[in-house]
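One structure is given here, and the rest of the page talks about it.
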Amino acid sequence: MILGKRGQTYWLEIIEKELEKLESGDMRALLTVYCVFAVGDKKRMRQAGHAIRKQLECLTLGQMIGLYERFRTFTSLEWSIDWSSLSPKSILRALRGKEQREERKYVLILGTFHPNGHFRERCMEELAKERGALPYLILRANDWVKPVREKAFFLLNSYIASCSIEEVLLSMPALEKLECSGRRSDEQLQGLKERIFAKLEQVLKGEGWRDIWPEDFSVRKSLYRMAAGQGILPEPFGR
């Protein structure tokens with residue numbers, strides 16, 4: 001817990017009500033509910049983790065990117081809480097059961113959207129150990145804080161080597177967003193694209209892509225545009 005007793009009581013009273021709203025599907029409660037991870041109440045942390053997973057697991061990557069754009073603007077998450085002193089490891093300990101693996105992942109994803117750079121970077125480091133982290137590491141490669149950007153590119157180097165082709169394909173909207181951004185250097189972006197498309201090239205030029213072609217239109221659209229730019233087109237588009 002990083003709050004005094006008075007601060008803990010204050011936040012728990014608010015969080016109780018906001019948890020009920022989030023559990024009923026009110027996404028406006030998400031920001032306040034996330035503050036439970038700074039309070040240190042393990043029961044409510046587990047309850048919040050479950051509610052967060054339930055609301056986020058059905059979102060497309062495009063919708064998650066939209067959530068990211070909104071979530072990072074709420075500096076009210078800083079009020080009364082020293083997020084820079086909070087380690088995500090304390091959150092993970094509260095959500096350590098096997099059945100809570102997906103809950104840990106979604107809590108960390110939201111952490112990489114957080115307005116506090118220290119907390120954002122720590123969540124990114126922990127998220128890099130989970131499957132499905134690639135699009136969110138790519139988003140952090142355009143972070144508005146340079147040390148976080150640099151750490152994201154460092155983590156991406158090893159993550160891409162071991163992640164699945166399907167995860168790479170599903171991350172195309174995030175890569176396209178990074179390409180359209182201005183914070184990363186051209187050299188960093190080109191190096192990342194070369195590693196990603198080296199992994200995809202054999203699949204895209206062969207028949208294997210048919211088995212893993214994602215259903216989401218935004219993914220297919222981004223893949224086509226990015227592959228066209230690299231001179232690698234999936235066979236149906238190349239005809």
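The values are calculated or read from the model by the stated rules, or taken from the named source; none is laboratory data. Since we're looking at a predicted model, the values are computed, not measured. All Cβ positions, even for glycine, are placed from backbone atoms using ideal geometry, and neighbour counts span all protein chains on display. Ligands, DNA and RNA are stripped out before the accessible areas are found, and what is left, the full protein with its side chains, is counted by its heavy atoms. Shrake-Rupley method; radii C 1.70, N 1.55, O 1.52, S 1.80 Å.
Quickly rank 181-188, 36-43, 48-55 as a protection proxy: mean count of other C-beta atoms within 10 Å, highest first.
The most tightly packed comes first, giving 48-55, 36-43, 181-188.
Going by the alpha-carbon gyration tensor, a ≥ b ≥ c the square roots of its eigenvalues, is segment 32-101 rounded (a/c under 1.5) or, if a/c is not under 1.5, prolate (a/b greater than b/c) versus oblate?
oblate
Note on segment 67-176: semi-axes of the ellipsoid equivalent to its C-alpha gyration tensor, largest first and rounded to whole Å, are 22, 18, 12. Placing pseudo-labels 7 Å out from each Cα toward the beta carbon at Glu125 and Ser84 gives an inter-label distance of 1.6 nm.
When Glu57, Glu121 are compared by accessible surface with a 1.4 Å probe, the order from highest to lowest is Glu57, Glu121.
When the charge dipole of segment 11-114 is built from unit charges on Cβ atoms (+1 for Lys and Arg, -1 for Asp and Glu) and taken about the Cα centre, the candidate among Ser80, Ala94, Gly62 whose Cα reaches farthest toward its positive end is Ala94. Taking 0.36 nm per residue of separation and subtracting the Cα-Cα distance, full extension of the segment from Leu92 to Ser158 would add 21.5 nm. Placing a label point 7 Å from the Cα of Arg183 along the Cα-to-Cβ direction, the residues of segment 110-148 with a backbone N closer than 14 Å are 112-122, 124, 136-148.
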